[in-house]
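Report on the following structure.
The values are calculated or read from the model by the stated rules, or taken from the named source; none is laboratory data. Just so it is clear, the model here is predicted, and its values are computed rather than measured. Glycine also receives a Cβ, built like all others from the backbone with ideal geometry; neighbour counts cover every protein chain displayed. Ligands, DNA and RNA are stripped out before the accessible areas are found, and what is left, the full protein with its side chains, is counted by its heavy atoms. Shrake-Rupley method; radii C 1.70, N 1.55, O 1.52, S 1.80 Å.
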Amino acid sequence: MVIELRASDMSSMPGLALRPWRDDDLNALLDAYRDPVLRRWTRMPVTNPAEGRHWLERTREDWDAGRRHSFAVIEDHPDGARLAANVVLKKVSVDWPVPEVGYWTAAWARGRGVAPRAVTALSRWAFAEFPALERLDLLHQVDNLASCRVAEKSGYVFQEVLPARPPFPLDGHRHSLTAS
């Protein structure tokens with residue numbers, strides 16, 4: 001499967017490429033998941049190579065089944081490309097009328113505009129790839145202020161506070177982006 005998206009280049013920031021995850025991303029995935037902040041906000045921790053291989057396999061299976069489309073976000077660097085983030089379009093099905101956009105950012109890449117650029121690129125791709133979509137949602141826990149900023153910078157508008165539901169112990173925010 002060859003799909004590659006480019007996030008909009010900004011003169012002060014390196015370019016980003018979004019592509020499906022590959023087996024050779026295992027070490028970069030493990031490095032990203034060493035970050036306790038990332039592990040705090042994710043449901044499926046990756047703490048060892050076996051879990052990493054399982055994560056990559058599940059990501060590929062979900063893509064092939066059309067349920068989830070996860071992209072590795074790769075940042076261009078003079079000394080080689082580097083994994084900066086993950087963006088995912090979740091719950092893509094006729095049974096779920098509004099897919100959800102999710103993401104995480106590697107610790108070294110935070111605060112540099114990577115997540116908003118990647119979420120924007122994924123959102124554009126989702127509306128183009130699935131023309132029947134009218135809306136995308138981005139959900140996060142109320143205490144995740146960084147995700148609130150990413151949603152806003154990506155054009156997602158705050159809609160409501162959602163009640164807590166496992167595995168998240170606190171209420172959440174729902175932000176939405178409508179097809180234009």
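Scanning region 106-147 for residues that are within 25 Å of R82 (Cα to Cα), not in a loop (DSSP other than H, G, I, E, B) and not aliphatic (A, V, I, L, M) yields W108, P116, R117, T120, S123, R124, W125, S147.
Any residue at all in region 83-104 that is over 14 Å from the mean Cα position of the chain (by Cα) and basic (K, R)? No.
Condition (residue is of a type in the set (S, T, Y) and crowded, with 20+ Cβ neighbours inside 10 Å) applied to region 57-65: is it met by at least one residue? Yes, there is a match, as at least one residue in region 57-65 is of a type in the set (S, T, Y) and crowded, with 20+ Cβ neighbours inside 10 Å.
This table checks each residue for (1) touching a Gly at 6+ places or on another chain (Cβ under 8 Å); (2) open to solvent by less than 20 Å² (accessible area, probe 1.4 Å); (3) on the phi < 0 side of the Ramachandran plot.
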position	(1), (2), (3)
V88	yes, yes, yes
V92	yes, no, yes
V101	no, yes, yes
A107	no, no, yes
V114	no, yes, yes
R124	no, no, yes
L145	no, no, yes
V150	no, yes, yes
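So A118 fits all but one of (1) surrounded by 16 or more Cβ atoms within 10 Å (Cβ to Cβ); (2) over 12 Å from the mean Cα position of the chain (by Cα); (3) among the aliphatic types (A, V, I, L, M); what number is the exception? The failed condition is (2).
Tell me, which residue of region 38-56 that is surrounded by fewer than 12 Cβ atoms within 10 Å (Cβ to Cβ) and over 18 Å from L89 (Cβ atoms) is modelled with the lowest pLDDT? Give the derivation first.
Initial filter on region 38-56 (surrounded by fewer than 12 Cβ atoms within 10 Å (Cβ to Cβ)): 40, 43-44, 47-48, 50.
If we keep only those that are over 18 Å from L89 (Cβ atoms) as well, we get 40, 47-48, 50.
Numbers: R40: 79, T47: 91, N48: 95, A50: 96.
Only one residue fits best here, namely R40.
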